[in-house]
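Enquirer: After the structure tokens below, expect a handful of questions from me.
Read-outs: derived from the displayed coordinates by stated rules, not from any lab. What you see is a predicted model, and the numbers here were worked out from it, not measured in a lab. All Cβ positions, even for glycine, are placed from backbone atoms using ideal geometry, and neighbour counts span all protein chains on display.
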Amino acid sequence: MSVATAAIDAGMQPAAALPGVGPALQVLLQKLGLEHVQDLWFHLPLRYEDRTRVTAIADLRAGQSAQVVGTIEAVERGFRYRPQLKVAIGDDTLQSLQLRFFHFNRAQADQLTPGTRLLCFGEVRQTTLGLEMVHPQYRRLAAGEAVVVEDRLSPVYPTTEGLGQKRLAGVVAKALALLPPESVLELIPRDLCAAHGLASLREALLTVHRPAPDAQLDLLLHGRHPAQQRLAFEELLTQHLGLKRMRAAVQRRKSPKLAVAGVLRRRLIESLPFSLTAAQRRVDEEVRRDLVQPKPMLRLVQGDVGSGKTVVAALAALAAVESGYQVALMAPTELLAEQHLRNFRHWLTPLGVDVEWLAGKQQGKARQAAMRRVAEGAPVTVGTHALMQEDVSFARLGLVIVDEQHRFGVQQRLALHDKGADTARGEVPHQLVLTATPIPRTLAMSAYADLDVSAIDELPPGRTPVQTVAVSNARRAEVIERIRVACAEGRQAYWVCTLIEESEQLRAQAAEVAHAELSAALADCRVGLIHGRLKPKEKQAVMDAFKAGELAVLVATTVIEVGVDVPNASLMVIENSERLGLAQLHQLRGRVGRGAVASNCVLLYQPPLGQLARERLEVMRETSDGFRIAEKDLELRGPGEVLGTRQTGQLGFRIADLARDAHLLPAVQQVGARLLAEHPREADRLIARWIGGSARYARA
Ligand code: ADP
Ligand code: MG
């Protein structure tokens, strides 16, 4: 057996082979996806706790995690809302710190008596009554016991119930003892490591799991230590390789060549009341070049709100229809899908092209009939996720268009491919993804490495910029008065109620309350109401009335966030704007400024504003450039939020942080290209190491 094979085997041994890992522990490790020894090597700390020193209470700062030694001065048991235990401790600096517990048992409470010395570790928070720690970790110190601090940072691992940090760290340490020499562990070829200044992987792993006492704590705590950067590089590289592999796998398949004279397309362009912008023409051309290829198009069209993506999608659809293929257009919300339906019918029906509708809430019979027509070859079908359901089948699906991509993940994109796959002909549909979320370039290259990107980077002419102001809720009456004046001038307004993290029912209620308030205050205006709890027909009726100008004001929940297009609406009020993220504010504001009249956006906020909220509202006032807003959003909130994928875990990196590590991406792409071209086996092993066998794109 060669050295290399032996070492691979060391990593590929089951974790259960490690001393002390019995069946019970093995089950816990499996819950964390830790099957093999190498999974433990790459199970990286989420963060560190610094117990290398004791901080004087007088030196504590809110937001910081710190270790403190103090003597209990007072204990109070309270039952406000729920049982709690408050323990005040003090130290030589004559300042005191409150420890607060909500979960505690009798024995624990009995041990915390005045005069007892405690060694505590926790996050410091500021309250109106001073500094406190909620549920700190603590240990009672015996009388006269000297405080011994740790000599190095303590790693905190992702873990699961029943598996404590100490025990997990112990297993990791045993796994690390089996780390092979660098020459075997390293999968990135030596010349590439040298060219990009990549430090030793072995050293990096050892450092990250068990930082030396003299390691640069500050760098480690902020993820900027060279060891962390080395691992972040490898993780980003692996994600990149995974997406590229997935793309290659898809592109090895065949798609229909949608090469036609373009009669329908020309007729649509001629029928439009406007001419396409240069950016629209360019992107249309890029899409057309993809469609005539016998391999699947995988293209993302980025364009700020209002840039006119829909018509570009319609042109692509017509190419497919003219070639005798079907088109599916999918949107994330029913309201948006309905709007597409209307646009497409408006544009395509005069050309003799029928547009079908398939949505989740559709009734039994209508749905059956629509599904039958789709199965028989209806040319264009518009809908929501319902289009992806198993019982929907297409006769000859040639093109799938997905709007507002940021709500769909990679997995869903793949599902669509499977849906459209025609096993008889061995063909998969082309894929066109539309997104209004301007994604900073670096992020797009990383998160969408499986897609080609086109940008509609120009708005149609004649748009007037939206004037944005932030106004305290204390001046609500003035804002309502402003709506009254605007409506008297024939303008229309949106009033958006935002309640986040609550149920659709609560959101609807909040909108109803605002609706009642505005209806009473604006006796001369007709005020409509739309929210997610209305039936599709009801929503449609309200939207139609607003569009027709029969309603002057539309009170809405954030259901109108995407896609809604009523050019005459020129005033938007967003309630509790301080609670929304930049991307969402930008989308909402994009609902106005679509016509020729100057538009206004009022960001109502509930004071006092926190620092982050203040910055966000400032950005909104300053710019309407979607890309700038996205960059800022990335800076303020991190990439998961920008892409809207935090929940799906698609970008659930272990150590990389795109906002912090974006500077690594150019090198990641270069190394990635070389690995795929020249070292495909190493690429496979990297993917297996970081992503494991479970991820679909690792197998693609
Ligand atoms: P988005 O990119 O946000 O989806 P839409 O496709 O909804 O934008 O287009 C926004 C509005 O602009 C629509 O009313 C559409 O008809 C109109 N529009 C699209 N392209 C142009 C253009 N080249 N000139 C003028 N108006 C356009
Ligand atoms: Mg749109």
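Enquirer: Given a Förster radius of 25 Å and the C-beta distance between Ala62 and Val156 as r, what FRET efficiency does 1/(1 + (r/R0)^6) yield to the nearest 0.05?
Expert: Calculated value: 0.80.
Enquirer: Can you bin the chain into rounded, prolate or oblate? Criterion: square roots of the alpha carbon gyration tensor eigenvalues sorted a ≥ b ≥ c, rounded for a/c under 1.5, prolate for a/b above b/c, oblate for the rest.
Expert: oblate
Enquirer: Is the shape of segment 87-148 rounded, prolate or oblate, going by the alpha carbon gyration tensor and its root eigenvalues a ≥ b ≥ c, with a/c under 1.5 for rounded and a/b larger than b/c for prolate?
Expert: oblate
Enquirer: Another question about this same structure. May I ask for the angle, rounded to the nearest 10°, between helix 536-547 and the longest principal axis of the chain, with both axes built from Cα atoms and the value confined to 0 to 90°?
Expert: Result, in degrees: 70.
Enquirer: Right, another one. Using the 10 angstrom Cβ neighbour count as an exposure proxy, how do Arg396, Arg589, Arg224 rank, fewest first?
Expert: Arg224, Arg396, Arg589
Enquirer: In debye, nearest 20: dipole of the chain around its Cα centre with unit charges on the Cβ of K, R (+) and D, E (-)?
Expert: For this selection, approximately 1300 debye.
Enquirer: Still on this structure, I have one more. Which value at 222 nm does the chain reach when only helices count, each DSSP H run of 4 or more adding -39,500 (n - 2.57), with the total divided by all residues and rounded to the nearest 500 deg cm²/dmol?
Expert: Counting only the DSSP helices, I get -12000 deg cm²/dmol.
Enquirer: Taking only Cα atoms, what is the 0 to 90° angle, nearest 10, from helix 334-348's long axis to the longest principal axis of the chain?
Expert: Orientation of helix 334-348: about 30 degrees from the principal axis.
Enquirer: To the nearest Å, what is the center-to-center distance of segment 113-131 and segment 460-533, using C-alpha atoms only?
Expert: The distance from the Cα centre of segment 113-131 to that of segment 460-533 comes to 45 Å.
Enquirer: Counting pairs of alpha carbon atoms under 8 Å apart in space and at least six apart in sequence, what relative contact order in percent does the chain give?
Expert: 13
Enquirer: What FRET efficiency comes out for the pair Gln293/Ala545, r = Cβ-Cβ distance, R0 = 35 Å, nearest 0.05?
Expert: 0.20
Enquirer: Label point 7 Å out from Asp524 along Cα-to-Cβ: which residues of segment 553-595 have amide N under 17 Å?
Expert: 553
Enquirer: Let me ask something additional. Excluding residues on the same chain fewer than 8 positions from Lys537, give the lysines whose Cα lies under 19 Å from its Cα.
Expert: Leaving aside lysines fewer than 8 places away in the same chain, those within reach of Lys537 are Lys361, Lys365, Lys547.
Enquirer: Please give me, ordered by residue number, the chymotrypsin sites (Phe, Trp or Tyr not before Pro) of segment 266-369 that lie in loop per DSSP and have at most 15 other Cβ atoms within 10 Å.
Expert: Those that pass, being in a loop and sparsely packed, are Phe274.
Enquirer: Let me make sure I get this right: for segment 248-306, a, b and c are the square roots of the gyration tensor eigenvalues over alpha carbons, sorted descending. Under 1.5 in a/c it's rounded, otherwise prolate if a/b > b/c, else oblate. Which is it?
Expert: Note, shape of segment 248-306 comes out oblate.
Enquirer: Suppose the chain between Ala212 and Val485 were pulled fully straight at 0.36 nm per residue; how much longer would it get relative to their current alpha carbon spacing?
Expert: Going from the current span to full extension adds 91.5 nm.
Enquirer: What are the aspartates and glutamates whose alpha-carbon lies under 16 Å from the alpha-carbon of Lys535, with same-chain residues fewer than 8 places away excluded?
Expert: Glu334, Glu338, Glu504, Glu512, Asp544
Enquirer: Right, something else. For the chain, take the longest principal axis of its alpha carbons; what is the angle in degrees between that and the long axis of helix 611-622, to the nearest 10 within 0 to 90?
Expert: The angle comes out near 30 degrees.
Enquirer: Still on this structure: For the residue pair Ala199 and Leu351, what label-to-label distance in nm results when each label sits 7 Å from Cα along the Cα-to-beta-carbon direction?
Expert: Roughly 5.8 nm, to one decimal.
Enquirer: Can you find, among Pro608, Ala552, Phe653, the residue sitting farthest towards the positive end of the charge dipole of the chain, where Lys and Arg contribute +1 and Asp and Glu -1 at Cβ?
Expert: Most positive-ward Cα: Ala552.
Enquirer: Using amide H atoms built 1.01 Å from N in the peptide plane, name the residues 5+ places from Val433, or on other chains, whose amide H lies under 5 Å from its own.
Expert: Arg299, Leu300, Val301, Val402
Enquirer: Something else: If R0 is 25 Å, what FRET efficiency do you get for Arg685 and Arg252 from their C-beta distance, rounded to 0.05?
Expert: Here the calculated transfer efficiency is 0.75.
Enquirer: Scanning the chain for GluC sites (Glu not before Pro) in DSSP loops with at most 16 other Cβ atoms within 10 Å, what's the longest stretch left with none?
Expert: 162-375
Enquirer: May I ask you to compute the full-extension gain from His663 to Ala259, defined as 0.36 nm times their residue separation minus their alpha-carbon distance, rounded to one decimal in nm?
Expert: 141.4 nm
Enquirer: Right, something else. Pull up the cross-link candidates among the lysines for Lys244, meaning alpha carbon to alpha carbon under 30 Å and not fewer than 8 places away within one chain.
Expert: Here the lysines satisfying the reach criterion relative to Lys244 are Lys31, Lys254, Lys257, Lys295, Lys309, Lys419, Lys632.
Enquirer: So which trypsin sites (Lys or Arg not before Pro) in segment 7-69 end up in coil per DSSP with only 12 or fewer other C-beta atoms within 10 Å?
Expert: Passing both the DSSP loop test and the Cβ count: Arg53, Arg61.
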